Structure formats: C-alpha cells, structure tokens
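Engineer: One structure, as structure tokens, below. Some questions next.
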Amino acid sequence: MYDWNFNVIWDYRIVYMRGALITLELSLLAVVFSMSLGLFVGIARHSKRYILSFPASCYVEIFRDTPLLIQIVWIYYCLPILLGVTLTAFWASTVALSLHMSAYVAEIFRAGIVSVDKGHVDAAKILGLNYFQTMTRIILPQVFRRMLPPLVNNFADILKLSALASVIGVYELLHSVDNVIMNNFRPLEMYSVLALVYFVLIFPVAFGARRAELYFARRI
C-alpha cells in the first residue's frame, strides 16, 4: 500500500506559486503575440492576392502540422547555429508557443471573416470605404464578437501547452515540480496537486469562454 502524505505539499508551496507565475507570464505573452500575428496572417490568407495568401497558407500549415515540442527545441537549439540568434529558454518557449498558436488564431480569424455577410462588404464599397476602412469598421468588429469564445478557448490551450517549455529548462509549473520530486520522492502527491493547480488556472478561462459563447449566441 502506498503511504500518501500530502503534508509535504505545504513545504513546497512557494514552488507552486513561482511556477504558476512563470506559467501565467509565458502564457499571457504568447496570447498577446499569437493574437497580433494571427490577425495579420488570417487577413493575408483570406486575401485574393496570391502573393499574400500563399505565404500565409504555408505559414499556417507548417506550424499547425508540426509538433510544438519540436518547434520549441528547434528555436532554442537551431536558431543560434543557423542565424546566430540566441534566446533564453523562456523567450524561446514564448516565441515557439506564439508562432504555433498564431497559426490556429489565423484560422479562427479567417473563418470569422468568411462568416461575415458579403452584403456588408458590398455596402461598404458603395459607401466608398477602402479595404482598410472596411476591415476595421465593418468586418473586424463582427469577427471579434463571433470569435471571442474560440479565442478564449485558445488561451486555455496555451496554458496547458506551456508545460512543454519544461523540456528546455523553463521553470514553469511542471519543471519546478519535477525538480522538487527529485528531492522528496513524492511524485503522486506532487503531480496530484499540480493537476489541481492547472485546473484552478484553466477552469476560469474555460468557464469564461462558455459564458461568452452563450452570451453572443443570444445576441446574434
């Protein structure tokens, strides 16, 4: 019989707190970067100009069809060799996570743009609005409202995927707990509480996404 001892968790509470803060910092940066980049890639992929849509499509397919773990390792170890660009483990993970998730964000935006009634675009042309004005005043306000629930879900995915940063030594939640387990040999207790911490971080985001989905469903 395994002798459970959760008293040890209190001794390492600071480890969980620091790991959670780094996880949140990494995730929030990835959200900001992936949202910004994903918006431009999504617009470019929807463009009728081949010079914009083709590179954007290649970008999306490359980052969606390759594992994030490999992308993290490649950016951390290969960029210094190929381009002479050296990033810390934290920023290499942030860049990889941002690039990876921006491909999904781009598809969310592209789908949102496609869902806008074509009559709205035609009306904007009749009013003399250019492409930039049509996107910022007519299309994007509708897209953000419709795409908010999947974008919030995307944030929840980023929180979970941030655990992969542990492979290159980022002291987020998983890596911090792994180091402690080497000292106290209590993996079951430590991982059980780790799962609870991730739940506490992610559940409010998932709940918010669900509430936003229901709210906008009533308004559309």
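The values are calculated or read from the model by the stated rules, or taken from the named source; none is laboratory data. Model, not experiment: these values are computed from the prediction. In this analysis, Cβ positions are derived from the backbone assuming ideal geometry, glycine residues included, and neighbour counts consider all displayed protein chains.
Engineer: Of all the helices (runs of 4 or more DSSP H) wholly in region 107-220, which have at least 1 residues that are under 17 Å from the mean Cα position of the chain (by Cα) and in contact (Cβ under 8 Å) with a residue 12 or more places away in the chain?
Structural biologist: Qualifying helices (runs of 4 or more DSSP H): 140-161, 173-184, 187-219.
Engineer: Quick one: in region 23-43, which of the residues that are hydroxyl-bearing (Ser, Thr, Tyr) and over 11 Å from the mean Cα position of the chain (by Cα) is nearest to LEU99 (Cα to Cα)?
Structural biologist: SER36
Engineer: Check region 141-159 and report whether any residue there is closer than 27 Å to ASP11 by Cα, buried (at least 18 other Cβ atoms within 10 Å of the Cβ) and touching a helix residue (DSSP H, G or I) at 6+ places or on another chain (Cβ under 7 Å).
Structural biologist: Within region 141-159, one or more residues are closer than 27 Å to ASP11 by Cα, buried (at least 18 other Cβ atoms within 10 Å of the Cβ) and touching a helix residue (DSSP H, G or I) at 6+ places or on another chain (Cβ under 7 Å).
Engineer: Only helices (runs of 4 or more DSSP H) wholly contained in region 1-70 count here; list those with 1 or more residues that are polar (S, T, N, Q), touching an Asp or Glu at 6+ places or on another chain (Cβ under 9 Å) and in contact (Cβ under 8 Å) with a residue 40 or more places away in the chain.
Structural biologist: 13-46
Engineer: Just checking, how many residues over region 1-53 are of a type outside the set (A, V, I, L, M, F, W, C), surrounded by 16 or more Cβ atoms within 10 Å (Cβ to Cβ) and within 21 Å of PHE199 (Cα to Cα)?
Structural biologist: Residues flagged as of a type outside the set (A, V, I, L, M, F, W, C), surrounded by 16 or more Cβ atoms within 10 Å (Cβ to Cβ) and within 21 Å of PHE199 (Cα to Cα) within region 1-53 amount to 5.
Engineer: Would you confirm whether any residue within region 78-97 is within 15 Å of the chain's Cα centre (by Cα) and surrounded by fewer than 17 Cβ atoms within 10 Å (Cβ to Cβ)?
Structural biologist: Within region 78-97, one or more residues are within 15 Å of the chain's Cα centre (by Cα) and surrounded by fewer than 17 Cβ atoms within 10 Å (Cβ to Cβ).
Engineer: Going through region 181-192 one residue at a time, which ones are modelled with pLDDT of 90 or more and either among the aromatic types (Phe, Trp, Tyr) or crowded, with 18+ Cβ neighbours inside 10 Å (or both)?
Structural biologist: Matches in region 181-192: GLU189, MET190, TYR191.
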